[in-house]
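Notes to accompany the following structure.
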2 protein chains.
Amino acid sequence: MVQLVFLGFGNVNYHLYNALYNAGNVTVKQIYSRYNKAAFGSIPFTTDLSKLEEADVYIIGIPDDAITSFSEALPFKDRLVVHTSGAAGMEVLSEKNRRGVLYPLQTFSAKTPLAYETIPVCIEAGSAEDLRLLRTLAGAFSSKVVEIPSEIRARLHLAAVFVNNFVNHLYHISETLLAADDLDLSLLKPLIEETARKIQTLSPAEAQTGPARRNDLKTIEKHLHLLKEGPNRALYARFTEAIQNTYGKKL
Amino acid sequence: MVQLVFLGFGNVNYHLYNALYNAGNVTVKQIYSRYNKAAFGSIPFTTDLSKLEEADVYIIGIPDDAITSFSEALPFKDRLVVHTSGAAGMEVLSEKNRRGVLYPLQTFSAKTPLAYETIPVCIEAGSAEDLRLLRTLAGAFSSKVVEIPSEIRARLHLAAVFVNNFVNHLYHISETLLAADDLDLSLLKPLIEETARKIQTLSPAEAQTGPARRNDLKTIEKHLHLLKEGPNRALYARFTEAIQNTYGKKL
């Protein structure tokens, strides 16, 4: 039985809690948060670091730049303390405890239900024994647990920024463009869904279509004309050039 | 009963054929293609324009820049001829026939099955009667048929380029970044899926997360450092700036 304490209760830890609170071989012993929140079911909640209970693993889920000072402030040592960040290295954690990382590769929003078993979890630890513990813990909800060192995890997180943060911003730009004609993004939702679905079976290169891929200069020119001078037009030009350069030589 | 002839048999017309060949009030009379293809089931196939049969609607599914000359070459007049392009105006069709547009707002790949009833179809025609005919035709497979004039359709198509072509290119960039560490895009597929799923219920602005959204300058700097000088780094910088500008004032 792995005994757990959550440190911080933002979106990531909220969802880890949800994924783990009734997992077979895991007990959530306590939740710490700076903010005074109502108890979650029967799990004790504290806002006082000095009242932290003993556990096998402490999971820190707070902003990256607060991890170091927070982990320094923990009133115990030689226990396993992990963070959940994609970008921060394991070494940002205080050395006074055993260190590890448990990075769930997913985007979390408050109250959005998720299929936890499909979420890849990247783990890292300072010893084989702690790694085994994290593998048990992550494996309690996820069917895809992979050991990834900090250096590679940082690049994985960067790749995730492209397919999540930047993709979502393209949705936002599209919504803005449609709004000018009083059209709603709902008109593009089947396309958005299919675009993501397609690469579950095709490679992105096989799935690529559109004016830039076809080198359809007339449509590209028309589109540049429709976009007013500004960031969206610059982005359009940059993507078009990137796609042309990627596939141009193969035409 | 609407009688149909498909002119050209690329991805769009192949899927329209699939969506319509056993629809209740539609008969596919003939398929024309430049290329000599085997007959599709019992539907007559021709490579000879002079052998086109009489029908209520002719659907042109060929590259945009070939539509005008192709529609000029049709050996009949005063019939309803439509194209399926998002970018081309209705007026690219020859005036010798009645003109229209039937633009299915989806990305089509050979042999990828689709839920046709969810595909929004944008229609346009020169008369109320032809519009009614196209509404019946599109409504035979789609539950979302909207009348959209050429000018607005061009901007809708542009918005679609952002959420389909550009999004897919971000998937490709991400795959390239992962390949440097011998990692596979499959690790990001749950995230890709969830990113698209999320905006079915949240607005893209509500769904936006990541270092640029949080204005996490340390992570942004780290990411820029990880990306070698080149188009991916330039794209990262541009997106980051765009996201910061979009949300910065609200922080």
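Taking the condition of being closer than 22 Å to B:C122 by Cα and within 8 Å of chain B (Cβ to nearest Cβ), how many residues in the range A:217-238 meet it?
Number of matching residues: 6.
Considering only the range A:103-185, give the helices (runs of 4 or more DSSP H) lying wholly within it that have at least 3 residues that are more than 7 Å from chain B (Cβ to nearest Cβ) and open to solvent by 40 Å² or more (accessible area, probe 1.4 Å). Reasoning before the result, please.
Details: elements: A:128-139, A:150-161, A:167-179.
Result: A:128-139.
If you check every pair at least six apart or on different chains, which have Cβ atoms under 6 Å apart with a residue in the range A:168-193 that is touching a residue at least 12 places away in the same chain (Cβ under 8 Å) first and a residue that is open to solvent by 40 Å² or more (accessible area, probe 1.4 Å) and not in a helix (DSSP H, G or I) second?
Filtered contacts from the range A:168-193: no entries.
Among the residues that make up the range B:107-114, is at least one of them of a type in the set (K, R) and either in contact with a His (Cβ under 7 Å, 6 or more places away or on another chain) or modelled with pLDDT of 95 or more (or both)? Explain how you work it out, then say what you get.
Taking the range B:107-114 as the starting set, the residues that turn out to be of a type in the set (K, R) are B:111.
Subsequent filtering for residues that are either in contact with a His (Cβ under 7 Å, 6 or more places away or on another chain) or modelled with pLDDT of 95 or more (or both) retains none.
Scanning the range B:107-114 turns up no residue that is of a type in the set (K, R) and either in contact with a His (Cβ under 7 Å, 6 or more places away or on another chain) or modelled with pLDDT of 95 or more (or both).
With the condition kept exactly as written, say whether any residue in the range B:59-82 is open to solvent by 30 Å² or more (accessible area, probe 1.4 Å), among the aliphatic types (A, V, I, L, M) and touching a helix residue (DSSP H, G or I) at 6+ places or on another chain (Cβ under 7 Å).
Yes: the range B:59-82 contains one or more residues that are open to solvent by 30 Å² or more (accessible area, probe 1.4 Å), among the aliphatic types (A, V, I, L, M) and touching a helix residue (DSSP H, G or I) at 6+ places or on another chain (Cβ under 7 Å).
Hey, does the range A:42-54 have a residue that's in contact with a helix residue (DSSP H, G or I) (Cβ under 9 Å, 6 or more places away or on another chain), under 17 Å from A:F141 (Cβ atoms) and at pLDDT below 95?
Yes, the range A:42-54 has at least one match.
The values are calculated or read from the model by the stated rules, or taken from the named source; none is laboratory data. Quick caveat, the model's predicted, so the values are computed rather than measured. Methodologically, a virtual Cβ is constructed for each residue, glycine included, from the backbone with ideal geometry; neighbour enumeration extends over all protein chains shown. Side chains included, ligands, DNA and RNA excluded: accessible areas come from the protein's heavy atoms. Shrake-Rupley method; radii C 1.70, N 1.55, O 1.52, S 1.80 Å.
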